[in-house]
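Everything below concerns the one structure shown next.
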């Protein structure tokens, strides 16, 4: 992991006055799925608690290493950039960013210093005083008619954006496919055309646009080598069922 | 909402064989926070259930409108693009996209047709057969050592990306700030400089770079009109405490 791991080690997730222990556990799980591990709890109503452990579901280590503080100030000691997560921007002159923008700011800073992502209590969020201790606000875009994200869901979205923003993070679509080469695909089309003619499905005197349509269809699927081999195997087997054996194909 | 609302109305969220009713409720809540409303449940173990209702917490309407089906096939009737959400790409030749890429594909298609986002059962995810009914796979990037997102958390991340990808969705940092004008800021700097000289903090014979540093500091904060007024108010009051009254300032 190298630099990446180092950056994530500099990020603390701070939950202010969480009231439901289940949300603490679910937040720990959300953090761990994205590779975050430093949880700070400011005056949790119930912690430790069996419900927190149950909902952590494999992320109990995050709960065990969590730091319980009396005040938000205690939880922020040593941090140099603090980002407050709120449901909607208040009438304050803070910089406001969506989670993607906030993730970039946090990771840029986490290269050299400690940063904190601060979440409020379930029902009412962060107080103006708590927001005042942060330099940046992040707002998760939401349905104006119902913007109440569950606390652990908010942690999940922010942690996901941090993970997505990590420079080394590659798009999973980068999965190496072993695509067929141009020649392999052309041989397949020739094989297909011959077979279609042979079985009487394609009239070479009046081909219309059949092969063009076939090409369009297979082009969209971006054929892999093994798939071309399978298709050509099918064509070979199809040829065995020629009319002279007495079997109809179509 | 116009086109946007229309696109979201064409998106169904399909949960295959959910075992915990709490996750159904939490998924409904996650959907509603992002403006999605069409929930399909394939053979839920327990539904309806008080735990589902409790965790929906304001999204009971999504549960009430949900469609319960016996098979995934039933849930997909009428859909034209099906995206399977899996923890890790299988050895299948599906197109694989991260949630951002999948959101783009889904929204492009939802302009004209019905689309479905399909989630598997809690412990084991989607079966190969279920994935086989979808054209595209989406994988949420996760910690390789612990990739087990809670079902509702996975729904939240995908719904969030759909919301973020909506073309009309503006970055919330677009909040209109009432910034001070150039002249207002220059008058403030003049006022500040005079005050600093007056109180003896700034030696006009040897100013060094003090004002330059002040400018840099305030430039970073992008001052608003009201803030300039407050700062100038402070300067006015500071001037009252001149040395000839016998009070030291610094």
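The values are calculated or read from the model by the stated rules, or taken from the named source; none is laboratory data. Given the structure is predicted, the values throughout are model-derived calculations rather than measurements. Virtual Cβ from ideal backbone geometry, glycine too; neighbours counted across all protein chains shown.
Restricted to the stretch A:84-104, and to residues there that are in a helix (DSSP H, G or I) and away from chain B (no Cβ under 11 Å), the residue that is surrounded by the most Cβ atoms within 10 Å (Cβ to Cβ) is A:103.
Of the residues making up the stretch A:54-83, those that are modelled with pLDDT under 95, part of a helix (DSSP H, G or I) and out of contact with any strand residue (DSSP E or B) (no Cβ under 7 Å at 6 or more places or on another chain) number 2.
Residue-level check: of (1) under 15 Å from residue A:161 (Cα atoms); (2) out of contact with any strand residue (DSSP E or B) (no Cβ under 8 Å at 6 or more places or on another chain), residue B:122 misses just (1). Residue count for the stretch B:106-131, restricted to those that are over 20 Å from residue B:30 (Cβ atoms) and in contact (Cβ under 8 Å) with a residue 12 or more places away in the chain: 7. Among the residues of the stretch B:125-141, the ones that are over 18 Å from the mean Cα position of the chain (by Cα) and facing chain A (nearest Cβ under 7 Å) come to 1 in all.
Inside the stretch B:26-53, residues that are free of Cβ contacts under 8 Å to residues at least 40 places away in the same chain and out of contact with any strand residue (DSSP E or B) (no Cβ under 7 Å at 6 or more places or on another chain) make up a count of 10. Of all residues in the stretch A:1-12, exactly one satisfies the criterion of being under 14 Å from residue A:85 (Cβ atoms) and either over 24 Å from the mean Cα position of the chain (by Cα) or away from every other protein chain (no Cβ under 14 Å) (or both), namely A:12.
Within the stretch A:206-250, restricting attention to residues that are part of a helix (DSSP H, G or I), surrounded by 10 or more Cβ atoms within 10 Å (Cβ to Cβ) and more than 45 Å from the chain's Cα centre (by Cα), which residue is modelled with the lowest pLDDT? It comes out as A:243.
The residue of the stretch B:23-53 that is nearest to the chain's Cα centre (by Cα), among those that are assigned to a helix (DSSP H, G or I) and either at pLDDT below 95 or surrounded by fewer than 23 Cβ atoms within 10 Å (Cβ to Cβ) (or both), is B:53.
Each row is one residue, and each column tells you yes or no for (1) modelled with pLDDT of 95 or more; (2) out of contact with any helix residue (DSSP H, G or I) (no Cβ under 8 Å at 6 or more places or on another chain); (3) surrounded by fewer than 23 Cβ atoms within 10 Å (Cβ to Cβ).
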site	(1), (2), (3)
A:135	no, yes, yes
A:145	no, yes, yes
A:155	yes, no, no
A:159	yes, no, no
A:166	no, no, yes
A:172	no, yes, yes
A:178	no, no, yes
A:184	no, no, yes
